[in-house]
Amino acid sequence: MQREPNLNNAALMARRQAAIPRGVGHSHQIFIERGENAEIWDVEGRRFIDFAGGIAVLNTGHRHPAVMQAVKDQLDKYTHTCFQVLAYEPYVELAERLNAKAPGDFAKKTLFLTTGAEAVENAIKIARAHTGRSGVIAFTGGYHGRTLLTLGLTGKVVPYKTGFGPFPAEIFHARFPNALHGVSVDDAIASVELILKNDIEASRVAAIIVEPVQGEGGFNVAPPEFFQRLRALCDAHGMLLIADEVQTGAGRTGTWFAVEQSGVAPDMITTAKSLGGGFPISAVIGRAEVMDAPAPGGLGGTYAGSPVACAAALAVLDVFEQENLLQRCRDVGQRVMASLQALAQKHSCIAEVRGMGAMIAIELCKNGDPHQPDADLTKALAAEATKRGLILLTCGTYGNVVRILVPLTASDAVLDESVAIIAASLDSLQAGA
Ligand SMILES: Cc1ncc(COP(=O)(O)O)c(C=O)c1O
């Protein structure tokens with residue numbers, strides 16, 4: 001089809017409505033023309049700062065030059081063989097480097113796939129093959145993907161699960177700790193123990209899967225003690241501990257994997273998103289003997305661990321080392337968090353500013369009461385910020401959390417400009433309230 005010379009967002013959205021199912025939602029009515037580091041330009045020539053990063057995919061920014069160069073070099077050699085048919089070295093090198101990065105003083109192996117959901121599905125398959133057990137414990141407010149198994153694990157109904165059931169059996173949801181809303185670590189652990197009393201005996205549970213910071217669920221941070229107690233429960237009952245780091249991994253929280261900050265080594269870690277610097281790749285990293293449980297031929301996929309995505313991911317790992325991005329992540333987190341905390345002093349609609357590294361959330365409430373979620377204000381804040389040139393995403397069980405996933409490569413000037421936009425947007429919405 002011939003491209004129209006004067007593209008605009010409204011006309012493209014109309015074509016999109018006619019051609020694409022409504023189930024694919026849109027946070028913003030914007031079509032991108034070009035992206036560079038933390039900025040994008042739309043088809044109408046407007047500039048925006050991107051605090052969404054394609055939902056946690058762009059820790060190294062749009063089109064990092066080193067990632068682009070690695071991909072171009074790879075394109076000149078070969079683009080696809082299917083790893084199960086003809087092997088290639090970048091897959092092996094990436095596995096070796098991730099094995100070395102994952103916490104735990106034991107031998108590890110890594111499997112590559114394409115999406116986060118696929119990584120989670122495979123981690124559960126591997127856990128079942130290794131333990132010979134079927135049960136899985138996940139958490140309320142958790143998000144693990146859109147395939148039927150991962151939807152079964154997901155602990156949020158609207159919009160993800162609506163109309164898609166029934167979901168696979170033998171999945172149980174425990175409570176995730178949330179200090180702001182009165183769920184202590186004791187409460188959360190007690191809810192796991194209750195499942196083992198009321199629903200399924202521990203000897204039939206293959207794994208507990210948990211996000212170190214719940215992503216879609218509202219950027220709720222798991223305290224280190226929670227991970228330590230889950231580890232102890234798993235060890236006591238022969239269950240595997242899986243950390244779903246699809247959103248938290250690849251340096252978003254100030255360490256390569258967020259779980260490192262709890263001192264716990266999970267049996268498996270799922271990772272994806274920013275690992276590929278904008279190219280689709282996901283991984284399951286785990287104890288070698290666990291990962292080897294499925295028989296030859298039991299794991300894989302046509303595009304799984306594509307050579308182009310492996311080349312991109314290797315470049316992402318290099319960029320983290322060369323640009324000291326883990327330290328930058330902690331600095332970005334501190335800078336943004338400090339400004340937002342100052343904003344919270346001024347606005348009683350801010351129930352809490354929280355986060356880990358540069359994975360930061362603002363939870364909004366009504367009447368200064370943290371227990372009255374304000375989804376309307378949250379939506380309005382994202383819309384107002386967009387008008388002023390900042391792309392924000394929302395999340396949370398009650399849709400009342402703004403989440404910040406800015407590229408770690410963003411300059412201080414861009415960070416300060418963005419926080420000023422958030423402040424001005426809130427001021428104008430509160431003035432009009
Ligand atoms: C923690 C977590 N697990 C799994 C997924 C699913 O990843 P994907 O959308 O790549 O399938 C996501 C996506 O947001 C996620 O945040």
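The values are calculated or read from the model by the stated rules, or taken from the named source; none is laboratory data. Computed from a predicted model, the values in this text were never measured in an experiment. Backbone-built Cβ (ideal geometry, glycine too); neighbour counts: all protein chains shown. Ligands, DNA and RNA are stripped out before the accessible areas are found, and what is left, the full protein with its side chains, is counted by its heavy atoms. Shrake-Rupley method; radii C 1.70, N 1.55, O 1.52, S 1.80 Å.
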Most fluctuating residue given options E225, E363, E216, as computed from a GNM of the chain linking Cα atoms under 10 Å: E225
Per residue solvent-accessible surface (Å²) - the chain, probe of 1.4 Å: 42 Å²
In order through segment 374-385: 3J(HN,Hα) via Karplus (6.51 cos²θ - 1.76 cosθ + 1.60), integer Hz, x for Gly, Pro: 10, 5, 5, 5, 4, 5, 5, 5, 4, 5, 5, 5
Could you work out the relative contact order of segment 91-210? I mean the mean sequence separation of Cα pairs under 8 Å and 6+ apart, divided by the number of residues, in percent. 26 percent
Taking loop as defined by DSSP and a crowding limit of 14 other beta carbons within 10 Å, which chymotrypsin sites (Phe, Trp or Tyr not before Pro) in segment 20-106 fit? Y78, F106
Please list, or write none, the aspartates and glutamates whose alpha carbon is within less than 17 Å of the alpha carbon of K273, excluding same-chain residues fewer than 8 places away. D50, E118, E121, E211, E216, D244, E245, D318
The pairs in K101/K197; K101/K161; K156/K379 lying past 27 Å Cα-Cα in this model are K101/K197; K101/K161
Need one number: nm distance between label points at E93 and H80, each 7 Å from Cα along Cα→Cβ, rounded to one decimal. 2.3 nm
Comparing A295, A138, A202, which has the greatest mean-square fluctuation in the GNM of the chain with Cα pairs linked when under 10 Å apart? A295
Tell me the carbon and sulfur percent of the accessible area for the chain, rounded to whole percent, probe radius 1.4 Å. 53 percent
For the chain, modelled as a Gaussian network with Cα springs under 10 Å, which listed residue fluctuates most, N178, N122, N99? N178
What are the ³J(HN,Hα) couplings of segment 155-162, residue after residue, when phi is run through the Karplus curve with 6.51, -1.76, 1.60 and θ = phi - 60°? Round to Hz, x for glycine and proline. x, 8, 7, 8, x, 5, 9, 4
Cβ crowding within 10 Å averaged over residues, with 233-239, 54-60 ranked highest first: 54-60, 233-239
